[in-house]
């Protein structure tokens with residue numbers, strides 16, 4: 001597999017949200033606005049990138065039976081570091097994402113990439129994979145957030161362009177499922193066309 | 001590829017990984033502690049300056065704790081030339097739709113509400129979060145009102161407050177927190193009158 005395709009496969013071919021349908025909890029929970037989706041995506045990308053690198057570096061020394069606990073410790077450490085840094089330098093974003101930041105630890109995308117890719121591939125490839133999957137996740141969350149924000153509060157990236165309220169249901173939980181469902185249809189239609 | 005899963009190997013690996021991780025976390029904690037504290041203080045300070053009249057002291061260093069019905073509230077007095085021009089009361093309620101709501105409620109010296117500011121909440125975006133200043137006119141209606149003759153209840157409950165459409169629970173909780181702040185404010189004023197009496 002070429003280096004470029006490792007990087008780009010996460011964005012389209014193996015997009016974690018639209019194709020693999022992984023990490024649904026933060027996907028549905030945080031995408032009430034485009035900014036929130038983007039922030040959550042970037043936070044996950046940060047963790048994914050670093051945890052992939054470290055896990056692929058230590059995978060050779062870790063006995064198979066304690067593989068998962070070791071990986072979880074690595075991932076959890078990076079999430080906690082991220083939490084401290086966000087609290088210190090972006091308190092506003094930290095407050096909106098709040099609960100979902102610690103939940104990155106149990107995001108199946110992160111552990112999934114550690115198991116399926118990082119533990120079997122070189123450090124550099126794992127880094128690219130982490131960035132690629134992370135960007136795919138970020139793109140998906142931003143698009144979903146943007147759609148929900150457009151329909152739900154008639155604004156885009158926090159900028160209001162129509163006075164008044166949008167269709168409230170899109171801000172609430174059911175709207176997340178509805179919007180995600182239609183986006184899935186669109187994305188897969190687009191994907192088969194490209195093929 | 002991986003080492004053999006003997007007990008010794010497993011214990012050693014896990015021990016060293018957790019040791020490294022905790023060292024790293026400790027380091028980051030120490031590094032970010034002061035910026036985190038600074039960010040918290042900055043947030044409180046900006047909320048205070050939003051809700052009380054102009055002041056020239058440092059309310060966060062003059063703060064004191066008041067107890068009301070077994071709950072503790074932090075009060076930040078705002079002074080100009082050593083005269084109290086208002087109080088900012090950090091009030092909270094657990095009755096919100098999403099749980100806890102923390103408010104900063106500012107009172108003028110004459111007992112009217114100057115302004116309110118939401119410190120933290122978990123209300124529904126697009127519905128309950130309209131109580132946050134600037135997102136709708138809900139919080140504006142409290143400005144300049146004295147709870148003495150302004151009933152801090154939503155109209156549905158026989159009060160004077162216009163509730164946020166489709167967010168009566170949030171509106172009730174908001175009123176609840178403002179009422180608590182008002183009670184705390186009265187305690188502060190009573191105490192001041194007593195103190196002045198003793199001085200004379």
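Any residue at all in the range A:37-52 that is more than 14 Å from every other protein chain (Cβ to nearest Cβ), within 22 Å of residue A:114 (Cβ to Cβ), over 13 Å from the mean Cα position of the chain (by Cα) and in contact (Cβ under 8 Å) with a residue 12 or more places away in the chain?
Yes, the range A:37-52 contains at least one residue that is more than 14 Å from every other protein chain (Cβ to nearest Cβ), within 22 Å of residue A:114 (Cβ to Cβ), over 13 Å from the mean Cα position of the chain (by Cα) and in contact (Cβ under 8 Å) with a residue 12 or more places away in the chain.
Counting only residues that are within 13 Å of the chain's Cα centre (by Cα) and at pLDDT below 85, which one in the range B:108-121 is surrounded by the fewest Cβ atoms within 10 Å (Cβ to Cβ)?
Among those that are within 13 Å of the chain's Cα centre (by Cα) and at pLDDT below 85, it is B:120.
Would you please name the residue that is surrounded by the fewest Cβ atoms within 10 Å (Cβ to Cβ), looking only at residues in the range A:156-169 that are modelled with pLDDT of 80 or more and within 11 Å of chain B (Cβ to nearest Cβ)?
The selected residue is A:167.
Quickly run through the range A:7-17 and pick out the residues that are crowded, with 18+ Cβ neighbours inside 10 Å and either within 14 Å of another protein chain (Cβ to nearest Cβ) or over 10 Å from residue A:141 (Cα atoms) (or both).
A:7, A:9, A:10, A:11, A:15, A:16
Every residue, every condition in (1) modelled with pLDDT under 85; (2) within 7 Å of chain A (Cβ to nearest Cβ); (3) loosely packed, with under 13 Cβ neighbours inside 10 Å; (4) more than 23 Å from residue A:74 (Cα to Cα), yes or no:
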{"site": "B:5", "(1), (2), (3), (4)": "yes, yes, no, no"}
{"site": "B:12", "(1), (2), (3), (4)": "no, no, no, no"}
{"site": "B:15", "(1), (2), (3), (4)": "no, no, yes, no"}
{"site": "B:18", "(1), (2), (3), (4)": "no, yes, no, no"}
{"site": "B:23", "(1), (2), (3), (4)": "no, no, yes, no"}
{"site": "B:50", "(1), (2), (3), (4)": "yes, no, no, yes"}
{"site": "B:53", "(1), (2), (3), (4)": "yes, no, no, yes"}
{"site": "B:59", "(1), (2), (3), (4)": "yes, no, no, yes"}
{"site": "B:68", "(1), (2), (3), (4)": "yes, no, no, yes"}
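Identify all residues within the range B:130-141 that are in contact (Cβ under 8 Å) with a residue 12 or more places away in the chain and closer than 21 Å to residue A:36 by Cα; write none if there are none.
B:130, B:131, B:132, B:133, B:136
Which one of these is modelled with pLDDT under 85 and within 20 Å of residue A:41 (Cβ to Cβ): A:103, A:150, A:172?
None of the other options fit; the residue is A:103.
Scan the range A:75-100 for residues that are at the interface with chain B (Cβ under 7 Å from one of its Cβ atoms) and either in contact with a strand residue (DSSP E or B) (Cβ under 7 Å, 6 or more places away or on another chain) or in contact (Cβ under 8 Å) with a residue 40 or more places away in the chain (or both) and jot them down.
A:95 - this is the single residue of the range A:75-100 that is at the interface with chain B (Cβ under 7 Å from one of its Cβ atoms) and either in contact with a strand residue (DSSP E or B) (Cβ under 7 Å, 6 or more places away or on another chain) or in contact (Cβ under 8 Å) with a residue 40 or more places away in the chain (or both).
This table checks each residue for (1) farther than 30 Å from residue B:167 by Cβ; (2) touching a strand residue (DSSP E or B) at 6+ places or on another chain (Cβ under 7 Å); (3) touching a residue at least 40 places away in the same chain (Cβ under 8 Å).
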position: A:110; (1), (2), (3): yes, no, yes
position: A:128; (1), (2), (3): yes, no, yes
position: A:135; (1), (2), (3): yes, no, yes
position: A:138; (1), (2), (3): yes, no, yes
position: A:146; (1), (2), (3): no, yes, yes
position: A:167; (1), (2), (3): no, no, no
position: A:173; (1), (2), (3): no, no, yes
position: A:183; (1), (2), (3): no, no, yes
position: A:188; (1), (2), (3): yes, no, yes
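Please find, among B:105, B:154, B:132, the residue that is more than 20 Å from the chain's Cα centre (by Cα) and either surrounded by 17 or more Cβ atoms within 10 Å (Cβ to Cβ) or within 14 Å of another protein chain (Cβ to nearest Cβ) (or both). Talk me through it step by step, then tell me what you get.
Values: B:105 fails: more than 20 Å from the chain's Cα centre (by Cα); B:132 fails: more than 20 Å from the chain's Cα centre (by Cα).
Only one candidate qualifies: B:154.
The values are calculated or read from the model by the stated rules, or taken from the named source; none is laboratory data. Quantities reported herein were computed from a predicted structural model and do not represent experimental measurements. All Cβ positions, glycine included, derive from the backbone under ideal geometry; neighbour counts span all protein chains shown.
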